[in-house]
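The values are calculated or read from the model by the stated rules, or taken from the named source; none is laboratory data. Just so we're clear, the structure is a prediction, and the values are computed from it rather than from any experiment. Heads up, the Cβs are rebuilt from the backbone with ideal geometry, glycines too, and the neighbour counts pull from every protein chain shown. Ligands, DNA and RNA are excluded from the accessible area calculation, which covers all protein heavy atoms including side chains. Shrake-Rupley method; radii C 1.70, N 1.55, O 1.52, S 1.80 Å.
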Amino acid sequence: MKEVDWSNFFERNHDECGVGFVANVKGKRSHRIVLNGIRAVSNLSHRGALSADAKTGDGCGILTRIPYKFLKKVFSPSLEEGKFAVGVVFLPRDDEYKSKAFKIISDVLRSRGIEEIGWRKVPIREEFLGESALKTLPDIQQLFVKVKDNSKSTERNLYIARKNIEYLFYENNLDDKCYIVSFSSRTIVYKGLLIASQLTNFFEDLNDEDFESDFVIFHQRYSTNTLPNWFIAQPFRMLAHNGEINTIQGNYYWMKSKEFSFSDDVWGDDTKYLRPVIWPYGSDSSQLDNVLELLYMSGRDLIHSIMILVPEAYKSNPFLSDDVKAFFEYNLTVSEPWDGPAALVLTDGNVIVSALDRNGLRPVRYVLTEDDEIILGSEVGIVEVDDKKVVEKGKLGPGQILAVDLSLGKILKDREIKETYSKINPYKEYVKNIVHVKIPDISGITYHKFFVGEELIRQQRAFGYDEGEKTKQLSEMIVTGKEPIGSMGDDTPLPFFSFKPRSIFDYFKQRFAQVTNPPIDPYREKIVMSLDTYVGSYGDMLRDSPNNTRLLKFYSPVISNSELSYLKNLNDSNFRSIVIKTLYKPDSTFSNFEKELERIIDDGVRAVKEGYNIIILSDRGVNSEYAYIPILLVSSGLHHRLIKEGLRSKCSIVAETGEARIDHHFAVLIGYGVSLINPYLAYDTVIDIAQSEAFEKQVDLLSDYNAVLNNYKKAIIAGLYKI
């Protein structure tokens with residue numbers, strides 16, 4: 001499998017768009033539904049963008065049921081509903097690449113016993129494209145294959161066949177030239193680098209009265225940080241998304257870390273074709289679609305899958321039952337939330353689902369008419385409706401979900417859905433396996449400082465403390481429990497232009513300068529935020545099991561000395577910890593720095609292979625002989641090596657470090673794979689500040705060091721919430 005360069009991928013892959021669906025609740029198909037869907041997305045054109053030629057859009061499209069009557073007319077009268085599947089494929093225009101792609105597709109289908117019926121070149125009108133879109137226009141073709149039925153097992157067979165094809169596309173350097181838009185016995189996608197008003201002009205199929213469906217999912221794309229292209233226009237195979245996944249880098253790597261923990265029970269010998277789960281060239285939306293497909297095809301249904309990936313903020317919600325809260329807590333042990341402002345519409349061809357992220361920062365409104373037609377979208381009025389026929393109007397709130405079951409002919413609401421799914425498994429029993437850890441560090445004024453006097457000063461110098469941090473930042477943090485207020489401007493040189501030594505953390509300052517739109521307020525929106533941290537070995541996300549919850553739960557990633565001591569003494573069947581020193585003996589040329597870094601990472605990998613699942617990286621012990629390797633280099637290096645070797649899900653990384661002292665340091669470590677951080681030198685420093693005569697003159701400090709440490713941790717936690 002060839003490596004993909006991710007160096008600047010995550011800075012440019014976000015979307016912000018218009019999304020929705022039109023459907024007949026009773027499953028009645030008509031061309032009218034298709035036209036209403038196209039009309040709806042056309043009325044969302046202002047949510048898209050145009051290039052300078054005023055004809056090339058960021059992308060738009062629709063996802064519908066396979067139009068059986070139409071395809072029987074234009075392709076083959078022998079087609080029988082439910083007995084064939086359609087693949088929509090973007091092929092390269094280069095004949096050599098195209099012939100390679102055809103051969104790979106045919107070979108895979110033949111090896112899997114899937115009989116080809118034939119190919120159909122989709123009729124298009126190029127004159128309606130803008131210049132930019134025309135330059136990159138792929139050869140758009142439809143592949144017809146025979147299937148037994150349109151059941152879930154058939155969809156699974158088509159999915160793994162597609163993954164097998166994509167696997168070989170990677171191997172043959174075609175992965176950035178060929179793209180399978182959809183491959184299903186139920187649904188079909190028409191999309192492109194268009195503006196919505198061009199859809200029916202460009203795709204002639206959509207004008208035919210025999211092109212019928214009982215639903216249309218539509219999407220108009222606005223590319224905020226991504227260069228638009230044909231492949232990442234939406235809808236994707238199951239999903240359309242308005243918003244941004246702000247946790248995309250973490251989601252990608254944590255998903256990659258899980259790929260090698262998939263058991264063969266679900267997919268057998270085909271498990272290898274699941275990797276990579278995420279298509280390397282996709283946007284944040286397409287990546288979410290990839291993981292949604294995986295969960296759905298591996299056994300869960302659509303509603304269950306999306307509630308795992310985009311959960312509700314359940315913890316502080318007094319209206320949720322204990323069963324529902326247990327359901328969501330269990331899901332956190334299966335998958336990290338795909339977090340960010342998101343309005344989602346998805347389908348498997350039987351059920352249509354709309355969901356809103358837990359912050360609720362994207363609008364979703366719907367109207368239901370007496371004709372059993374439901375219209376849901378980013379705005380009101382996207383399809384003109386006679387008010388006399390409206391029987392219900394509504395909107396989704398934060399974390400809420402709505403589904404239309406076309407096979408049952410009914411609408412499912414949020415509370416009903418969550419109560420139903422919370423009882424699929426005994427989740428309340430499952431989460432009892434989680435060990436809750438909360439050990440106070442000190443009692444009253446009793447606190448053991450590791451460093452005092454001159455030794456404390458030497459340690460502070462070694463780890464790069466400066467007087468400004470002590471007198472301004474740390475002092476205010478322990479008095480107020482908040483980080484100091486400061487200007488957003490910074491007149492110091494960027495680290496790589498500075499003549500003075502800078503902490504490696506400084507090079508990542510801009511990683512957290514981006515905000516959601518609109519920005520999150522951590523003080524007023526704390527009900528949807530949590531810093532709960534799970535530690536241990538993670539289970540198989542493809543199968544629900546009580547073994548998935550054999551984890552430690554900490555209520556903050558900032559841990560006390562007592563909590564660290566607890567971790568160091570773990571040695572049982574579920575949790576084994578090991579301390580790996582991140583110190584080395586520098587020589588005069590520092591030539592052994594890289595060698596020692598690799599040695600430490602190798603030690604961490606070896607420990608995981610030997611069954612340790614809590615790896616504690618410690619820089620304690622710096623002296624005149626031993627220096628430390630920056631904790632961010634060690635932890636991120638170990639994190640990515642474990643991912644590469646398929647071991648990351650088997651362990652958690654803990655940092656015992658003298659470097660971390662302000663919220664930014666903690667945030668960067670967490671962002672690069674560290675679960676828990678013990679800032680031992682910061683603790684000694686804030687106690688030393690509290691004991692100083694100058695500090696006592698400024699504040700009426702109770703001789704209770706609990707208050708000092710708690711205020712410091714409170715300030716760090718507040719900063720993490722904000723970040």
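Per-structure values
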{"quantity": "The listed residue being out of contact with any Ser or Thr (no Cβ under 8 Å at 6 or more places or on another chain), open to solvent by less than 20 Å² (accessible area, probe 1.4 Å) and closer than 21 Å to D270 by Cα, out of V145, V122", "calculated": "V145"}
{"quantity": "Tally of residues being surrounded by fewer than 21 Cβ atoms within 10 Å (Cβ to Cβ), polar (S, T, N, Q) and in contact with a Cys (Cβ under 6 Å, 6 or more places away or on another chain) across segment 217-276", "calculated": "0"}
{"quantity": "Matching option when the condition is touching a Ser or Thr at 6+ places or on another chain (Cβ under 7 Å) and farther than 22 Å from N433 by Cα, among K609, K581, K568", "calculated": "K581"}
{"quantity": "In segment 122-169, the residues that are of a type in the set (G, A, S) and modelled with pLDDT of 95 or more", "calculated": "S151, S153, A161"}
{"quantity": "Helices (runs of 4 or more DSSP H) wholly inside segment 124-240 containing at least 2 residues that are under 23 Å from F102 (Cβ atoms)", "calculated": "152-171"}
{"quantity": "Residue within segment 253-268 that is at pLDDT 90 or above and closer than 30 Å to L199 by Cα present", "calculated": "no"}
{"quantity": "Test for N561: is it open to solvent by less than 40 Å² (accessible area, probe 1.4 Å) and closer than 16 Å to Y680 by Cβ", "calculated": "yes"}
{"quantity": "Total residues in segment 148-176, condition aromatic (F, W, Y) and open to solvent by 10 Å² or more (accessible area, probe 1.4 Å)", "calculated": "2"}
{"quantity": "Residues that are at pLDDT below 80 and either in a helix (DSSP H, G or I) or surrounded by fewer than 14 Cβ atoms within 10 Å (Cβ to Cβ) (or both), drawn from segment 445-468", "calculated": "I445, T446, H448, G468"}
{"quantity": "Filter pass, S635 being open to solvent by less than 30 Å² (accessible area, probe 1.4 Å), under 20 Å from F463 (Cβ atoms) and either part of a helix (DSSP H, G or I) or touching a strand residue (DSSP E or B) at 6+ places or on another chain (Cβ under 8 Å) (or both)", "calculated": "yes"}
{"quantity": "Qualifying residue in segment 564-580 (condition: free of Cβ contacts under 8 Å to residues at least 24 places away in the same chain and in a strand (DSSP E or B))", "calculated": "yes"}
{"quantity": "Which numbered condition R641 misses (of (1) in contact (Cβ under 8 Å) with a residue 24 or more places away in the chain; (2) within 16 Å of I578 (Cα to Cα); (3) charged (D, E, K, R))", "calculated": "(2)"}
{"quantity": "Qualifying residues in segment 349-387 (those that are open to solvent by 20 Å² or more (accessible area, probe 1.4 Å), over 18 Å from V34 (Cα atoms) and not in a loop (DSSP other than H, G, I, E, B)) - the one modelled with the highest pLDDT", "calculated": "R365"}
{"quantity": "I687, sole failed condition from (1) modelled with pLDDT of 90 or more; (2) open to solvent by less than 10 Å² (accessible area, probe 1.4 Å); (3) farther than 30 Å from S261 by Cα; (4) out of contact with any Pro (no Cβ under 8 Å at 6 or more places or on another chain)", "calculated": "(1)"}
{"quantity": "Test: Y421 is among the aromatic types (F, W, Y), open to solvent by less than 40 Å² (accessible area, probe 1.4 Å), closer than 30 Å to I33 by Cβ and in contact (Cβ under 8 Å) with a residue 12 or more places away in the chain", "calculated": "yes"}
{"quantity": "Residue pairs meeting the criteria (Cβ under 8 Å; at least 6 apart or on separate chains; first open to solvent by 10 Å² or more (accessible area, probe 1.4 Å), in segment 669-683; second of a type in the set (V, I, T))", "calculated": "I670/I677; S675/T533; S675/V535; S675/I653; S675/V654"}
{"quantity": "Meets criteria (open to solvent by 60 Å² or more (accessible area, probe 1.4 Å), of a type in the set (S, T, Y) and either under 25 Å from L292 (Cβ atoms) or touching a Ser or Thr at 6+ places or on another chain (Cβ under 7 Å) (or both)) for S99", "calculated": "no"}
{"quantity": "Which numbered condition N613 fails, given (1) closer than 16 Å to L567 by Cα; (2) buried (at least 24 other Cβ atoms within 10 Å of the Cβ)", "calculated": "(2)"}
{"quantity": "Breaking point among (1) in contact with a strand residue (DSSP E or B) (Cβ under 6 Å, 6 or more places away or on another chain); (2) buried (at least 17 other Cβ atoms within 10 Å of the Cβ), for L406", "calculated": "(1)"}
{"quantity": "Candidates S182, S261, S213, filtered to the one that is out of contact with any strand residue (DSSP E or B) (no Cβ under 6 Å at 6 or more places or on another chain), among the hydroxyl-bearing types (S, T, Y) and on the phi < 0 side of the Ramachandran plot", "calculated": "S261"}
{"quantity": "Some residue of segment 332-348 being open to solvent by less than 10 Å² (accessible area, probe 1.4 Å), in a strand (DSSP E or B), modelled with pLDDT of 90 or more and hydroxyl-bearing (S, T, Y)", "calculated": "yes"}
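Quick grid of which residues meet (1) within 20 Å of Y366 (Cα to Cα); (2) open to solvent by 20 Å² or more (accessible area, probe 1.4 Å); (3) modelled with pLDDT under 95:
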| position | (1), (2), (3) |
| --- | --- |
| F9 | no, no, yes |
| R12 | no, yes, yes |
| D15 | no, no, yes |
| S42 | yes, yes, yes |
| S51 | no, yes, yes |
| V74 | no, yes, no |
| L79 | no, no, no |
| F84 | no, no, no |
| S111 | no, yes, no |
